[in-house]
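J.: Please see the structure below; I have some questions.
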Amino acid sequence: REELENLVITDHLTKLYSRNFLDDQIHLSMERDGFGTFLLIDIDNFKAINDTFGHQIGDSVIVQVANVLEANIRDNDIGARWGGEELAVYLPGVDLEIGIVIANRLVKKVQDNTTPQVTISCGVAHWSAEHKDSVQQLFHRADQALYIAKDTGKNKVVVQDLLIQ
Ligand code: C2E
Ligand code: C2E
C-alpha cells in the first residue's frame with residue numbers, strides 16, 4: 001500500500017512530486033499560508049537535445065534538471081514534474097520578490113550543473129487570498145509568463161504579475 005501511495009505522489013523518472021500531489025499541496029497551502037509563488041519551468045530546446053543525443057540523454061537531462069531544482073529549494077518547497085520536459089516548483093508562504101530570487105537562482109544553477117549543458121525558462125506567478133483566483137488561473141498566469149520567457153530568448157525568468165494587471 002505504501003508503495004502504491006508513493007507511485008501516486010512521486011513522478012517515476014525524476015522522483016519529484018507528481019502533478020496531482022502538487023495540486024493538492026497548493027490547495028492546502030492556500031488554506032494554510034494564504035499566499036505562495038508558483039514557478040513553471042521548461043527545459044529550453046529540449047526537442048533538439050532529444051534529436052541530437054537520443055531519448056536516453058533526453059531523459060537524463062530531465063533528471064539532472066529535477067535534481068538541481070531539488071537540491072536548491074527547501075524541504076517545504078514542492079518540486080514537481082509537470083509533464084514531459086516541464087517541471088514546476090510551488091513555494092508555500094513565499095512572496096513574489098523572494099520567488100523571483102529563487103527562480104533566478106534555479107535558472108543559474110541549471111546552466112552551471114548540467115551535461116550536456118541545458119538552460120531553463122521560468123514563468124513566475126504569485127497567488128494570495130486577495131487575488132481570489134483559482135489554482136487553474138494561477139497555472140494559466142505562470143504559463144503566460146513562461147511563454148513570454150520562451151518567446152524573448154529563453155534562459156530567463158519572466159514574472160506574470162509585473163506584465164499584466
Ligand atoms: P537569501 O538567500 O538572500 O534569502 C533571503 C530569504 O529568502 C530567506 O530568508 C528566505 O526567507 C527566502 N528564501 C531564499 N531561498 C529560499 C528557498 O529556497 N525556499 C524558501 N521557501 N525560501 C527561501 P532567511 O531564511 O532569513 O535566510 C537569510 C539568508 O541566510 C539567506 O539569504 C541565505 O543567505 C542564508 N540561508 C538560509 N538558509 C540557507 C540555506 O539552506 N542554504 C544557503 N546556502 N543559505 C541559506
Ligand atoms: P534546505 O532548507 O532543505 O535547503 C536545500 C537547499 O536549498 C540549500 O542547500 C540551498 O541550496 C537552497 N536554499 C534554501 N534556502 C536558501 C536560502 O535562503 N538562500 C539560498 N541562497 N539558498 C537556499 P544547502 O545550502 O546545501 O543547505 C542544506 C541544508 O542545510 C538546508 O536544507 C538546511 O537544512 C541547512 N541550512 C543551510 N544553511 C542554513 C541556514 O543559513 N539556516 C538554516 N536554518 N539552515 C541552513
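Here, each number is a calculation from the coordinates, and none is a lab measurement. The structure displayed is predicted, hence computed values, not measured ones. Here the Cβ positions follow ideal geometry from the backbone for every residue, glycine too, while neighbour counts run over all protein chains shown.
J.: Any chance you could tell me what percent of the C-alpha pair distances in the chain go past 23 Å?
T.: Numbers: 4696 of 13530 pairs.
The calculated P(r) of the chain puts 35 percent of pairs beyond 23 Å.
J.: So, with +1 on the Cβ of K and R and -1 on the Cβ of D and E, and no other charges, what is the size of the charge dipole of the stretch 29-165 about its Cα centre, to the nearest 20 debye?
T.: Values: 12 positive and 19 negative charges, 49 e Å.
It works out to roughly 240 debye.
J.: What are the aspartates and glutamates whose alpha-carbon lies under 14 Å from the alpha-carbon of K109, with same-chain residues fewer than 8 places away excluded?
T.: By straight Cα distance, K109 reaches E70.
J.: Also, I was wondering about something else. Too long at a 20 Å Cα-Cα cut-off: which of K15/K47; K15/K132; K132/K156; K108/K156; K47/K150; K108/K150? Before the final figure, lay out each step's value.
T.: Values: K15/K47 22 Å; K15/K132 32 Å; K132/K156 28 Å; K108/K156 9 Å; K47/K150 14 Å; K108/K150 16 Å.
Beyond 20 Å: K15/K47; K15/K132; K132/K156.
J.: Then there is this: Mean residue ellipticity at 222 nm from the helices of the chain, using -39,500 (n - 2.57) per DSSP H segment of n ≥ 4 over the full residue count, to the nearest 500 deg cm²/dmol?
T.: Taken over the chain, the calculation gives -16000 deg cm²/dmol.
J.: Spin-label point model (7 Å from Cα, Cβ direction): what's the V8 to N50 distance in nm?
T.: With each label placed 7 Å out from Cα toward Cβ, I get 2.9 nm.
J.: How much of the DSSP beta bridge set in the chain is antiparallel, as a percent to the nearest 5?
T.: Of the beta bridges lying entirely in the chain, close to 85 percent run antiparallel.
J.: Would you list the P(r) distribution for the stretch 16-85, with all Cα-Cα distances sorted into 10 Å bins from 0 and each bin expressed as a whole %?
T.: It works out to 18, 45, 26, 10, 2, in whole percents.
J.: Which residue fluctuates the most in the chain, going by a Gaussian network model with Cα springs under 10 Å, if the choices are I41, I78, I57?
T.: Most flexible of the set in this elastic network: I57.
J.: Now a separate question. Please report Rg (one decimal) and Dmax (integer) in Å for the Cα set of the stretch 91-152.
T.: So, for the stretch 91-152, Rg and Dmax equal 13.3, 43 Å respectively.
J.: Over the Cα atoms of the stretch 50-105, what is the Rg over Rh ratio if Rh follows Kirkwood?
T.: Rounded to two decimals, Rg/Rh equals 1.06.
J.: Looking at the stretch 74-165, which trypsin sites (Lys or Arg not before Pro) are in a loop (DSSP not H, G, I, E or B) and have at most 16 other Cβ atoms within 10 Å?
T.: R74, K132, K154
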